[in-house]
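The values are calculated or read from the model by the stated rules, or taken from the named source; none is laboratory data. Computed from a prediction, not measured in an experiment: that's the story for all the values here. Virtual Cβ from ideal backbone geometry, glycine too; neighbours counted across all protein chains shown. These accessible areas exclude ligands, DNA and RNA; they are computed on the full protein's heavy atoms, side chains included. Shrake-Rupley method; radii C 1.70, N 1.55, O 1.52, S 1.80 Å.
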Amino acid sequence: MAATNDLTVLQFVTPSSTASTTTTPVLTARIHPLVIFNVCDCFVRRPDSAERVIGTLLGSILPDGTVDIRNSYAVPHNESSDQVAVDIDYHHNMLASHLKVNPKEVIVGWYSTGAGVNGGSALIHDFFAREVTNPIHLTVDTGFTNGEGTIKAYVSSNLSLGDRQLAAQFQEIPVDLRMVDAERVGYDVLKATAVDKLPNDMEGMELTMERLLTLINDVYKYVDSVVEGQTSPDNNIGRFIAEAVSSLPKLPPQVFDNVVNDSLQDQLLLLYLSSIIRTQLSLAEKLNTAAQML
């Protein structure tokens with residue numbers, strides 16, 4: 001490897017005859033929404049000359065082979081048709097900083113923006129393969145090629161003829177995007193191609209209630225279909241439905257409505273108080289600035 005302008009040009013390194021060429025395939029990539037938000041933020045802040053951004057994925061590997069991706073950071077790079085230059089020193093410094101904060105989060109792969117893999121992806125993947133065994137390659141389609149931000153994950157296997165490495169083959173693996181309702185509202189806004197404004201708290205609650213009503217209607221249709229004999233019953237689904245129904249409080253409808261309304265009023269009161277506090281802090285900051293100027 002040769003250094004050019006503080007960036008390291010990546011080249012393929014042929015594995016030695018004693019090295020093992022077999023790797024254990026990864027079953028699933030479990031991605032936390034923070035990673036997607038970081039990738040999109042880095043893409044927005046990229047230099048004008050950069051067509052895509054790359055970065056390191058941090059997380060852990062679960063006993064069942066699932067890769068739990070919880071964090072990420074961008075890595076500066078330059079890319080042309082025949083070579084890729086990566087700032088490896090910056091990558092190692094960022095990794096050392098992250099390990100000081102959370103030693104349990106190790107390198108599990110790397111990410112790039114775009115609709116898929118290209119020739120430069122093989123070079124970058126080869127570098128991360130020296131950092132960690134069987135790294136994950138995550139792609140986020142920030143160009144909305146199919147109308148939304150498609151997220152895919154790959155693992156790589158070497159195609160070789162004897163001791164000679166011919167190419168790297170990327171195989172897609174399942175992606176499990178884990179998020180709570182509040183994070184899903186933000187993700188739905190993020191993956192939309194055009195958004196007039198971010199939803200406020202009431203609009204976000206309305207979207208959540210509409211999604212909940214849709215799920216309840218789906219459950220109704222499934223139960224009716226099983227009762228009428230159109231669908232074969234599934235014991236696991238029946239157990240989940242029974243647990244969901246049993247978790248609801250056994251209250252008369254009027255009492256239940258009062259409980260929900262009281263809780264909603266409490267939340268609205270908290271929102272009102274937080275708005276007043278933000279206004280007071282903003283006013284105090286302006287008064288302090290004016291006093292310093294005088």
Is it the case, given these coordinates, that R52 is at pLDDT 85 or above, in contact with an Asp or Glu (Cβ under 9 Å, 6 or more places away or on another chain) and not in a strand (DSSP E or B)?
yes
Checked pairs for region 103-131, first at positive phi, second part of a loop (DSSP other than H, G, I, E, B), C-beta under 6 Å and 6 or more apart or across chains, list as G109/P135; G114/R52
Go over the candidates L10, L62, L57, L34 one by one and state the one that is in contact with a Phe, Trp or Tyr (Cβ under 8 Å, 6 or more places away or on another chain) and modelled with pLDDT of 85 or more.
L57
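Scan region 248-258 and give yes if some residue there is under 30 Å from M202 (Cβ atoms) and surrounded by 12 or more Cβ atoms within 10 Å (Cβ to Cβ), otherwise no.
yes
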Any residue at all in region 84-100 that's at positive phi and either crowded, with 20+ Cβ neighbours inside 10 Å or in a strand (DSSP E or B) (or both)?
no
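Residue by residue, here is whether (1) in contact (Cβ under 8 Å) with a residue 12 or more places away in the chain; (2) in contact with a helix residue (DSSP H, G or I) (Cβ under 6 Å, 6 or more places away or on another chain); (3) more than 17 Å from F128 (Cα to Cα); (4) not hydroxyl-bearing (S, T, Y) holds:
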| residue | (1), (2), (3), (4) |
| --- | --- |
| G59 | yes, no, no, yes |
| R70 | yes, no, yes, yes |
| A74 | yes, yes, no, yes |
| N78 | yes, no, no, yes |
Out of L215, L271, I need the residue that is open to solvent by less than 90 Å² (accessible area, probe 1.4 Å), under 30 Å from the mean Cα position of the chain (by Cα) and under 26 Å from V180 (Cβ atoms). Which one?
L271
Given the structure, is A122 closer than 23 Å to I107 by Cβ, within 21 Å of the chain's Cα centre (by Cα), surrounded by 15 or more Cβ atoms within 10 Å (Cβ to Cβ) and at pLDDT 80 or above?
no
Hey, D41 part of a loop (DSSP other than H, G, I, E, B) and open to solvent by 30 Å² or more (accessible area, probe 1.4 Å) or not:
no
What about R239, is it of a type in the set (K, R), modelled with pLDDT of 85 or more and either outside any helix (DSSP H, G or I) or not assigned by the TED database to the domain that holds T28 (or both)?
yes
Selection count where residues are β-branched (V, I, T) and closer than 12 Å to T56 by Cα, scope region 114-138
3
Restricting to region 67-93, name every residue that is among the acidic types (D, E), out of contact with any Leu (no Cβ under 6 Å at 6 or more places or on another chain) and closer than 16 Å to G120 by Cα.
E79, D82
